[in-house]
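Peer 1: Okay, handing you the structure first.
The values are calculated or read from the model by the stated rules, or taken from the named source; none is laboratory data. Worth saying up front: this structure is predicted, and the values here are computed from it rather than measured. Virtual Cβ from ideal backbone geometry, glycine too; neighbours counted across all protein chains shown. Keep in mind that these areas ignore ligands, DNA and RNA; they rest on the heavy atoms of the full protein, side chains included. Shrake-Rupley method; radii C 1.70, N 1.55, O 1.52, S 1.80 Å.
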Amino acid sequence: IRNAPKLHFAKVFGVLRGAVLQIEEELIEANRLTHKGDIFHLDLEEVDKALLDETFDLMKLVTPRMMTHERARKATECPLLIDSRCRILRPDAPNQDDVEEGTLLGAAVSPGTATGRVRVMRSPNERFERGEILAATVTSPAWTPLFSGASAVVLQIGGVLQHGALCAREYGLPAVSNIDVHNVLKTGMLVEVDGNTGTIKIIE
């Protein structure tokens, strides 16, 4: 029931996306856009204006937005809280006194234990091998197919009701959140994820 409305929305968006991509092709052929994907840096009102006015400079809008998008993609932290002065407020670090060296302490969001190689990912389109441990800042419905091949899930933000935690429980995968994924984990690391205690043991 929870996912039924999302399925219908996805169908509608699929039709709209197809129409937008057709327009993008025409704009690229007319040398008004440069690369595939450029059109997604515009809103629909701007696209409509471009179709009516051939002198409307689209790349003047797209270029700075692309730069902002690239900076955001390379960020290693997704702030939980930012104050009025744009300072990132961070919670106190977890108390490591009760865990042994080489063990990371996070929040347990799906029970179970699993050992495997880490795959740190920024996008669901990146390479992922069956049996690997999926490590990401956060996940959305686009990531769901990866859960069927993962042995465990590690997330940077979110609690028990976020998408990654819900999917992990549905697929019976151990999951731990509140881990600084992009700074303390590396692709290829062998770790043990304990979704019962919220710990990750680095084996090698």
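Peer 1: Considering only segment 137-152, state which residues are surrounded by 23 or more Cβ atoms within 10 Å (Cβ to Cβ) and under 16 Å from residue 193 (Cα atoms).
Peer 2: Those that are surrounded by 23 or more Cβ atoms within 10 Å (Cβ to Cβ) and under 16 Å from residue 193 (Cα atoms): 150, 152.
Peer 1: Among the residues of segment 146-153, is any assigned to a helix (DSSP H, G or I), in contact (Cβ under 8 Å) with a residue 12 or more places away in the chain, more than 16 Å from residue 107 (Cβ to Cβ) and touching a Phe, Trp or Tyr at 6+ places or on another chain (Cβ under 6 Å)? Can you show your working first?
Peer 2: Just the residues of segment 146-153 that are assigned to a helix (DSSP H, G or I), to begin with: 146-147.
From what's left, in contact (Cβ under 8 Å) with a residue 12 or more places away in the chain: 146-147.
Adding the requirement that they be more than 16 Å from residue 107 (Cβ to Cβ) leaves 146-147.
Still in the running and touching a Phe, Trp or Tyr at 6+ places or on another chain (Cβ under 6 Å): 146-147.
Yes, because at least one residue in segment 146-153 is assigned to a helix (DSSP H, G or I), in contact (Cβ under 8 Å) with a residue 12 or more places away in the chain, more than 16 Å from residue 107 (Cβ to Cβ) and touching a Phe, Trp or Tyr at 6+ places or on another chain (Cβ under 6 Å).
Peer 1: Something else now. Kindly indicate whether residue 126 is in a loop (DSSP other than H, G, I, E, B), charged (D, E, K, R), at pLDDT below 95 and under 12 Å from residue 187 (Cβ atoms).
Peer 2: Answer is yes for this residue.
Peer 1: Hey, another quick one. Would you check which residues across segment 39-58 are surrounded by 10 or more Cβ atoms within 10 Å (Cβ to Cβ) and either farther than 17 Å from residue 20 by Cβ or touching a Cys at 6+ places or on another chain (Cβ under 9 Å) (or both) and list them?
Peer 2: Of everything in segment 39-58, just one residue is surrounded by 10 or more Cβ atoms within 10 Å (Cβ to Cβ) and either farther than 17 Å from residue 20 by Cβ or touching a Cys at 6+ places or on another chain (Cβ under 9 Å) (or both), namely 57.
Peer 1: On to the next question. Taking residue 115, is it outside any helix (DSSP H, G or I), in contact with an Asp or Glu (Cβ under 9 Å, 6 or more places away or on another chain) and modelled with pLDDT of 95 or more?
Peer 2: Yes; evaluated as a whole, the condition is true for this residue.
Peer 1: Any residue in segment 93-101 that is in a loop (DSSP other than H, G, I, E, B), modelled with pLDDT under 95 and within 28 Å of residue 7 (Cβ to Cβ)?
Peer 2: Of the residues in segment 93-101, the ones in a loop (DSSP other than H, G, I, E, B) are 93-101.
Okay, now just the ones that are also modelled with pLDDT under 95, so 93-101.
When the remaining residues are screened for being within 28 Å of residue 7 (Cβ to Cβ), the result is none.
Within segment 93-101, not a single residue is in a loop (DSSP other than H, G, I, E, B), modelled with pLDDT under 95 and within 28 Å of residue 7 (Cβ to Cβ).
Peer 1: Please go through segment 167-204 and pick out each residue that is open to solvent by less than 10 Å² (accessible area, probe 1.4 Å) and in a strand (DSSP E or B).
Peer 2: Hits for segment 167-204 are 175, 176, 177, 191, 193, 200.
Peer 1: Next up: Among the residues of segment 10-38, what is the count of those that are within 29 Å of residue 141 (Cβ to Cβ), open to solvent by 70 Å² or more (accessible area, probe 1.4 Å) and of a type outside the set (Val, Ile, Thr)?
Peer 2: Within segment 10-38, residues that are within 29 Å of residue 141 (Cβ to Cβ), open to solvent by 70 Å² or more (accessible area, probe 1.4 Å) and of a type outside the set (Val, Ile, Thr) number 8.
Peer 1: Moving on to the next point. Looking at 63, 68, 34, which one is part of a loop (DSSP other than H, G, I, E, B), closer than 28 Å to residue 122 by Cα and not hydrophobic (A, V, I, L, M, F, W, C)? Walk me through it before giving the result.
Peer 2: Working: 63 fails: part of a loop (DSSP other than H, G, I, E, B); 68 fails: part of a loop (DSSP other than H, G, I, E, B).
34 is the lone residue from the list that is part of a loop (DSSP other than H, G, I, E, B), closer than 28 Å to residue 122 by Cα and not hydrophobic (A, V, I, L, M, F, W, C).
Peer 1: So, one more: Which residue is modelled with the lowest pLDDT, if the candidates are limited to segment 76-88 and must be over 18 Å from residue 182 (Cα atoms) and open to solvent by 70 Å² or more (accessible area, probe 1.4 Å)? Give the derivation first.
Peer 2: Initial filter on segment 76-88 (over 18 Å from residue 182 (Cα atoms)): 81-87.
Applying the additional criterion that residues be open to solvent by 70 Å² or more (accessible area, probe 1.4 Å) yields 81-82, 84-87.
Details: 81: 77, 82: 80, 84: 85, 85: 86, 86: 80, 87: 83.
The selected residue is 81.
Peer 1: Taking into account only those residues within segment 153-166 that are touching a helix residue (DSSP H, G or I) at 6+ places or on another chain (Cβ under 8 Å) and small (Gly, Ala, Ser), which is surrounded by the fewest Cβ atoms within 10 Å (Cβ to Cβ)?
Peer 2: The selected residue is 159.
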